[in-house]
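Student: Below are the C-alpha cells for one structure; questions will follow.
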C-alpha cells in the first residue's frame with residue numbers, strides 16, 4: 001500500500017452469511033450486508049512475513065448486526081475497485097490470521113477459493129471482530145520509552161469496577177478497547193507504566209457507541225504506586241540507579 005492508497009478512504013462491502021448447520025459452507029444469501037468507509041486507518045508499525053506493511057482498519061456499521069446464540073457466521077469484506085488508487089489490481093488482503101478451529105475459512109466463494117497463509121501455505125481463519133461498543137484513546141507517550149502496554153478500568157460512578165481491558169498502544173500512542181458493560185455513564189481509568197492513573201469522567205457508553213478519549217496529561221514517576229510522585233520515588237530511583245538485568 002503506497003501513500004496515495006493509504007490516504008484515500010475508499011469504500012468496502014461487508015456481507016455476513018449464516019453457516020449451513022452441519023456443513024462448512026455459508027448460506028447462498030447474506031443475512032446482513034452494507035457498504036462502509038473506514039473511520040480509522042493507521043499503520044500498525046509491523047510487517048508480515050512477505051515484507052508487506054500491515055494496516056489497521058475500523059469502520060462503524062450503519063445498522064447493527066444481531067448475532068444469534070449458537071449460530072456461526074461467514075464474513076465477506078471486499079474493496080470497491082472503482083474507488084481504488086489502482087483499479088483492476090489488488091489493494092486489500094488479509095494479513096493477520098489465527099489457527100483454524102472449526103473449519104477452513106475462505107474468501108468468497110469459500111468452497112473454491114480458500115484463504116492461503118503466505119507464510120506457511122496453510123489455510124487460516126480470517127482475523128476480524130464485530131463489537132457493539134468501543135473506546136478509542138490516545139495517550140501522550142512523549143516522555144516514555146518502555147513497553148507500550150496499558151490497563152483500562154471501566155468504573156461506575158460509585159467506583160465499582162465494571163470491566164477491565166488490557167490494551168497495547170501503537171507507535172502513535174493510540175489504543176482501542178471493547179468494554180462489556182451495560183449502557184450508562186462510566187469513569188475510564190488508564191494505568192500505564194509508572195504514570196499516575198489518568199481518569200476520564202462521565203463517559204457515556206451505549207450500544208453502537210464509539211467514544212474517543214485523549215489522555216494528554218500523563219505524569220510518570222510513581223514508582224511505589226501510592227498515587228503520587230514524591231521523594232520516596234526519588235529514593236527508589238537513587239538506590240537502583242545504574243542497575244541492569246543480568247544476562
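Student: So which of 207, 158 ends up being in a loop (DSSP other than H, G, I, E, B), closer than 28 Å to residue 55 by Cβ and out of contact with any strand residue (DSSP E or B) (no Cβ under 9 Å at 6 or more places or on another chain)?
Tutor: When all the criteria are applied, what remains is 207.
Student: Within segment 19-26, is there a residue that is modelled with pLDDT of 70 or more and within 23 Å of residue 138 (Cα to Cα)?
Tutor: No.
The values are calculated or read from the model by the stated rules, or taken from the named source; none is laboratory data. Bear in mind the structure is a predicted one, so any value in this text is a computation, not a measurement. Because the Cβ atoms are built from the backbone with ideal geometry, glycine has one as well, and the counts that use them run over all protein chains shown.
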